[in-house]
Amino acid sequence: MEKIISFISNSLYTYVLVVLLVVAGIYFTVRTKFAQFRLFKDQIKSVTEKPADNKSVSSFQALIVSTASRVGTGNIVGVATALCLGGFGSVFWMWVIAIIGSASALIESTLAQIYKRKSINGSIGGPAYYIETTTKSRPLAVIFSIFLILTYGFGFNMLASYNLQSTFKPYEFYNPSVTPWIIGGILAILVGYCLFGGGKRVIKATSYLVPIMGIAYVLVSIVIVVLNITSLPAIFARIFTEAFDFKAIFGGFTGSCIMLGIKRGLFSNEAGVGSAPNASASAEVSHPIKQGLAQVLSVFIDTLIICSATAFMCMSSGVEPSSAFEGADYIQAVVASTLGGFGPIFITVAMILFAFTTLLGNLYYVDQCWFYLLKKEPSKKFLAVYRIIASLIIFVGAGLSAGLLWDIADITMGLMALINIPVIVWLSKYAFRALKDYEKQRKAGLNPTFKAKDIDLPHLTDYWN
């Protein structure tokens, strides 16, 4: 079964997704005139803007939920795995997929805002809504929603649980037959407790944990890099040399730095996959582009800052990555070589926070999908059963195989992207018009506001009328 799943994963990324992701990202980048760079100040401004109604979800809160899902165990173990299997060159391709993918994030989150719907608890939306509204195909939207549930309710959460427990391996008390299940059980109980508090508690918990987690982790990474600063010139030389060693790359493409960089980069930042738009739609903003710009910033935070922090921490340590490491044990060896006994403890604590916020952010997306599939607020009994199952999945994931879990997560995430990217390419003209409208108002010195008629939107919407 592991071999079959691995074959499907490699085939999906080798022949389809690499081309789709790169071509779509470049297309969006060119058509928006490199908006991810030009409008950096606007990205900061959009995140700090407060909604008119204090009870509404702000752009910052929506950013935090999407960042909670993006910034997770993939930033530590995912990057370490890419280095061990793909070498230093994989870091370059992670940067590439983040830079061009951020344009995809701008488009999909803008569309989520344009086509969002009204609900009892505010606004709700995402790919399922803009797929159904524009294609008139509910079955396609349902299929996407099912893939999202499989990805975030099962694949990603099992993997996050496994990655967390794997950081306990260096400790003497670790027993491979018992410890993973104990850690998985504790994590499942904590997540279950938070889930039964409802969506507001999810947003509140992640709002506190994500900034603390990210800042502390980056600071420690910087300390390690500074302690080994003389190695930086050689590191940069090796990154670019290995990134363009085409003979090695095409000699074994499925395990190359390009493939690992794109896989782990996409797993980390999720740009174009169709997950973040579910959080983006909940924000109250005066113009859809504002939330699109906020999600560009989220991709940059995730990959260009936190993933890079992990990568440089590893590459400057002197501990050579190799396939003998699984990922978590490599990062533990890296921090131990520089910080001694404190290093592994810090990584374990960081992974607990990363995993916890990832799990909560992922399940927030799943909640949104249930609302769409059932066409109403799920009953308390349904939610109770689902949340118990979600917690059990976290428990089970802690004891499974790393390779199997990575491949399952890659496949379900890839299937989401296969639906979402063609749809946002098809609808992108409305996002481009919205961007033009936004910039026109900004140049006039106005705080941009949006009306559907200003971009000749042919579809009915609950907002912007």
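Scanning the stretch 274-290 for residues that are over 26 Å from T412 (Cα atoms) and part of a helix (DSSP H, G or I) yields P288, I289, K290. Of the residues S145, S166, which single one is within 22 Å of the chain's Cα centre (by Cα) and modelled with pLDDT of 90 or more? So the residue among S145, S166 that is within 22 Å of the chain's Cα centre (by Cα) and modelled with pLDDT of 90 or more is S145. The single condition among (1) surrounded by fewer than 16 Cβ atoms within 10 Å (Cβ to Cβ); (2) within 19 Å of A271 (Cα to Cα) that W406 does not satisfy is (1).
Annotation note: Cβ proximity below 7 Å between a residue of the stretch 134-157 that is assigned to a helix (DSSP H, G or I) and a residue that is modelled with pLDDT of 90 or more and small (G, A, S) (sequence gap 6+ or interchain) occurs for A141/A128; F144/A128; S145/A128. Of all the criteria given as (1) basic (K, R); (2) modelled with pLDDT under 85; (3) buried (at least 24 other Cβ atoms within 10 Å of the Cβ), the one not satisfied by K290 is (2). Taking the criterion of being in a helix (DSSP H, G or I), aliphatic (A, V, I, L, M) and farther than 20 Å from G78 by Cα, the only residue of the stretch 162-182 that qualifies is I182.
The values are calculated or read from the model by the stated rules, or taken from the named source; none is laboratory data. Everything numeric here is computed off the predicted structure, so don't read it as measured data. Please note: Cβ atoms are built from the backbone with ideal geometry, for glycine as well, and neighbour counts cover all protein chains shown.
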